[in-house]
1. Once each part is reduced to its C-alpha centroid, what is the distance from segment 101-137 to segment 268-329 in angstrom?
2. What is the spin-label model distance, in nm, from Phe292 to Val3 if the labels are put 7 Å beyond Cα along the C-beta direction?
3. Round to the nearest 0.05 the FRET efficiency obtained for Asp93 and Thr267 when R0 = 30 Å and r is the Cβ-Cβ distance.
4. For Glu186, what residues show an amide H to amide H distance below 5 Å, using hydrogens built from the backbone and excluding near sequence neighbours?
5. Give the angle, between 0 and 90 degrees and rounded to the nearest 10, that separates the Cα long axis of helix 155-164 from the longest principal axis of the Cα atoms of the chain.
6. When the chain is fully extended, how far beyond the present Cα-Cα distance does Arg207 get from Glu299, taking 0.36 nm per residue of separation?
7. If you put +1 on each Lys and Arg Cβ and -1 on each Asp and Glu Cβ, how big is the dipole of the chain around its Cα centre, in Debye rounded to 20?
8. Calculate the spin-label point distance for Tyr123 paired with Arg336, positioning each point 7 Å from the Cα along the beta-carbon direction, and give it in nanometres.
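Nothing in this text is a laboratory measurement; each read-out follows from the coordinates by a stated rule. All values reported here derive from a predicted model rather than from experimental measurement. Here Cβ is always computed from backbone atoms with ideal geometry, including for glycine, and neighbour counts include all displayed protein chains.
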Amino acid sequence: MAVLDLKTKLAILSDAAKYDASCASSGGAKRDSLGGRGVGSVDGGMGICHAYAPDGRCISLLKLLLTNFCVYDCAYCVNRVSSNTARARFAVDEVVDLTLGFYKRNYIEGLFLSSGIIRNADYTMEEMVRVARSLREVHDFRGYIHLKVIPEASPALVNQAALYADRVSINIELPKDESLARLAPEKDIAGIKKAMGAMRLGVEAGREKGRKARPPKFAPAGQSTQLIVGADEASDGAILKRSAGLYGAYHLKRVYYSAFSPIPDSTARLPLARPPLMREHRLYQADGLMRFYGFDRAEIVGEDEDLDLAIDPKLAWALKHRGDFPLDLNTAERERMLRVPGLGVRSVERMLGLRRFKALTLEDVRRLTRGVAKLKPFIVTADWSPGALTDKADLRERVTPTQMDLF
Ligand code: SF4
């Protein structure tokens, strides 16, 4: 096997990591300091992505695979053993040095590390833990670390990963168990769920208050997962049902949705085209409705149905439930206000605060939101009532062109 230089490895293994949606590529402009102008460089944005820290800050992470060699053969993955892709592997010290070097130059605030399975799950997890251990214990690295956990690895190794990492993720990949069995036969859904369950218990024990001897911090930023959209026939309703189950059972911080990208030499069992990116976007919006707006999955979309791509899911719900509107913003409860299309959580909180001192007018609503055009058919204020507008047969057409996204 040819010996690859570090830059080539970085190019291959940062590119291979882009399929993991847990943090998005920055897509930043290429800059350098050649010619003695400026300090630092962004060489093609190699491997640097953005993620959100637990306190809401947007941080830059070095996003890498330890290796894209893999003994598994997941049909949807470009790194599967039968794929004809260029391969590379970092040594543990190379990842540590890259992380520290980028960190000291202020390019990044942390590391996102995943890996293909080399030899076996334990060997791979051990290598990833060695990276994190060296960063934390040898170099006193205080930056953010996100480690991908291999669910088949021994619980002791997974435990160590969670003690060094801020966040861990265990990818479930496909929304339906039968799809996982068909397209990723080496993966074991029962083992994935067991690892998520153990992670939940560890995270909760680490946060427990009032214990005299508190356990060490254990993945303080919690756990997340990724679902691939469009690699199998799962409907949006089935995908969101899976997400709702994961949030409920394992208290995940986030479920990420990643539109399937057709890969070279893929099997006939996979679609030839990627799903529309809007599908991914609508799933994120629906996911937000479940997490922050008090919606059940079944209220948003039936189990066998897809989301409407043309309008956001809250507007779609409101158009089907016109009897709940118009809503008087001066008297309505918070929970009902959150269901008004175009009203976000922050806008609702501001309105609740303001209405303690005065009756809300349309101008107040205009100031506290991104615009009232979409809201007007659904609300009543001190100086506005939509009259028959809410029940107009063409209401969808009237609000769709001016529709703004929920978030
Ligand atoms: S285990 Fe991960 S890296 Fe390996 S083929 Fe499956 S999805 Fe790809």
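1. Centre-to-centre (Cα) distance: 37 Å.
2. So the label points at Phe292 and Val3 sit 5.1 nm apart.
3. 0.20
4. Excluding prolines and chain starts, which carry no amide H, the hits are Asp73.
5. Roughly 70 degrees between the two axes.
6. Gain in length upon complete extension: 29.9 nm.
7. For the chain, the charge dipole is close to 1320 debye.
8. Result for the modelled spin labels: 6.3 nm.
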